[in-house]
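Working notes, beginning with the structure itself.
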Amino acid sequence: MKISVLGDGGWGTALAILLKNKGFDVSLWGAFKEDIEAIKLDGENKKFLPGFKIPKSIRLTSEIYHACEDANIIVLAIPSRFFRDVITKNAKVLKESRAGFVSVAKGIEEKSLKRMSEVAKEVLGGVEIAVLSGPSIAPEVSRGIPTAVVVASEDEIFARRVSDVFRAEHFRVYTNKDLIGVELGGALKNIIAIASGISDGLGFGANTKAAILTRGLAEMTRLGLAMGASRDTFQGLSGLGDMITTCVSPEGRNHRFGLEIGKGSRPELLLNKSVMEIEGAWTSRAAVELGKKYNVELPITQQVHAVLFGNKSPLSAVNELMTREPKAE
């Protein structure tokens, strides 16, 4: 089986290594030739996944045609901000490949408020598509640390096929029919991770973090239900599981971003200098608009958005959250 991974970030690289170690014929594509050449020269992705050797048999390329030629499965590991642009520019090649697609991007498109699988279907037409999500920090997966994720698709047969492809001794893959819930959980938890990081940066303790995680899960679930997802999905790997990992791991980029804000750094400066995409920042914009669209209250999301893009101080945001009108849990 030939598998093409589009996106040479940390997660795309980790998945390419995992799939190669399973014996598949793997290509890894990156948009920038200089980055691909650096990986070839160094034998590792020092920019996004330092410290892990990339098997020489993985084909590294910045030419998308060469990456996708004869591919059976194409993994879309492209950040949500650039997702539509990349697949639109390369729609002809992607359609002609006749491959099945697996999205591993965790975000919501800002302008359209669409999930990544919706964007892919809009651009590419009636392709087979699944979403792989869950608590899966890339360096941990690359170290062989036991990890469990979930794959969701409207096509149960395709979901099982993708599960078989990715499943490894240290990488357990469940299946789920709830495509909406799995995608929303993966996207929205990054906002809660930023809130958790801000709390840590302010010097707050376990009480505060527990409140953020618990009430964050509640508002993720509220929005998900309004959009047609299943409540159970948010109690699973792509909801609660992914949120816990992103909120507590020192390797979680959204948590680290929030931590620096809590310590006093300016959000716009951090966003401008970050090599990696801070998905939660951009997702907060889309989530606020989704809350308005579906008339769902998202207090933590709204305050995170105000701190990132409304020049609100973190302490003011905390004060507003703590002094809201009392209500039943």
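What follows is calculated from the coordinates using simple rules that are stated; it is not laboratory data. Here the structure is a predicted model, which is why all the values come from computation and not from measurement. Positions of Cβ are backbone-derived with ideal geometry, glycine not excepted, and every protein chain shown enters the neighbour counts.
Filter the chymotrypsin sites (Phe, Trp or Tyr not before Pro) in the stretch 1-104 down to the DSSP loop ones having no more than 11 other Cβ atoms within 10 Å, then list what survives. Working shown, then result.
Values: sites: Trp11, Phe24, Trp29, Phe32, Phe48, Phe52, Tyr65, Phe82, Phe83, Phe101; in loops: Phe24, Phe32, Phe48.
Counting only loop positions with at most 11 other Cβ atoms within 10 Å, the chymotrypsin sites (Phe, Trp or Tyr not before Pro) in the stretch 1-104 are Phe32.
Quick one: of Lys33/Lys106; Lys189/Lys327; Lys2/Lys189; Lys53/Lys89, which pairs are farther than 29 Å apart, Cα to Cα?
Pairs exceeding the cut-off: Lys2/Lys189; Lys53/Lys89.
What are the ³J(HN,Hα) values, in whole Hz, obtained from phi via the Karplus relation 6.51 cos²θ - 1.76 cosθ + 1.60 with θ = phi - 60°, for each residue of the stretch 58-67 in sequence order, with x given for Gly and Pro?
Per-residue couplings from phi come out as 6, 7, 9, 8, 10, 9, 5, 4, 5, 5 Hz.
So what's the gap between the Cα centers of the stretch 221-290 and the stretch 96-134, to the nearest angstrom?
When both Cα centres are located, 19 Å separates them.
Is the C-alpha gyration tensor of the stretch 1-92 telling us rounded, prolate or oblate? Criteria: a/c under 1.5 is rounded; beyond that, a/b larger than b/c is prolate, otherwise oblate.
oblate
Could you tell me which of rounded, prolate or oblate describes the stretch 72-185, using a ≥ b ≥ c as the square roots of the eigenvalues of the alpha-carbon gyration tensor, with rounded for a/c under 1.5 and, failing that, prolate when a/b is larger than b/c and oblate otherwise?
Cα axes put the stretch 72-185 in the prolate bin.
Using packing as a proxy for protection, rank 84-96, 266-278 so that the peptide with the highest average count of other Cβ atoms within 10 Å comes first. Kindly include the intermediate steps, with their values, before the conclusion.
Numbers: 84-96: 16.2, 266-278: 14.0.
Peptide ranking by packing, descending: 84-96, 266-278.
Non-local amide H neighbours of Val102 (under 5 Å, H modeled in plane, Pro and chain starts lacking H): which ones?
Ile74, Val75, Leu76, Ala130
With an 8 Å cut-off on Cα pairs and a minimum separation of 6 or more residues, tell me the relative contact order of the stretch 264-318 in percent.
33 percent
Step through the residues of the stretch 162-171 one at a time and calculate ³J(HN,Hα) from phi using the Karplus curve (6.51 cos²θ - 1.76 cosθ + 1.60, θ = phi - 60°), rounding each to whole Hz and writing x for Gly and Pro.
After applying 6.51 cos²θ - 1.76 cosθ + 1.60, I find 5, 4, 5, 5, 8, 5, 9, 4, 9, 9 Hz.
About its Cα centre, what dipole magnitude does the chain give when the only charges are +1 on Lys and Arg Cβ and -1 on Asp and Glu Cβ, stated in debye to the nearest 20?
220 debye
What ranking, highest mean first, results for peptides 201-211, 295-305, 170-180 when packing means the other Cβ atoms within 10 Å averaged over each residue?
Listed from highest to lowest mean packing, they are 295-305, 170-180, 201-211.
To the nearest 20 debye, what charge dipole does the stretch 139-189 have about its Cα centre, counting +1 at the Cβ of each Lys and Arg and -1 at the Cβ of each Asp and Glu?
180 debye
Calculated from DSSP H runs of 4 or more alone, at -39500 (n - 2.57) each and per residue, what is the 222 nm mean residue ellipticity of the chain, nearest 500?
The helix contribution divided over the chain gives -16000 deg cm²/dmol.
What fraction of the DSSP beta bridges in the chain is antiparallel, stated in percent and rounded to the nearest 5? Walk me through the intermediate numbers first.
Values: 7 of 32 bridges.
Of those bridges, close to 20 percent are antiparallel.
To the nearest 20 debye, what charge dipole does the stretch 2-177 have about its Cα centre, counting +1 at the Cβ of each Lys and Arg and -1 at the Cβ of each Asp and Glu?
Magnitude of the dipole: close to 180 debye.
Once you order the gyration tensor axes a ≥ b ≥ c over the Cα atoms, which shape class does the chain get: rounded for a/c under 1.5, otherwise prolate or oblate by comparing a/b with b/c?
Note, shape of the chain comes out prolate.
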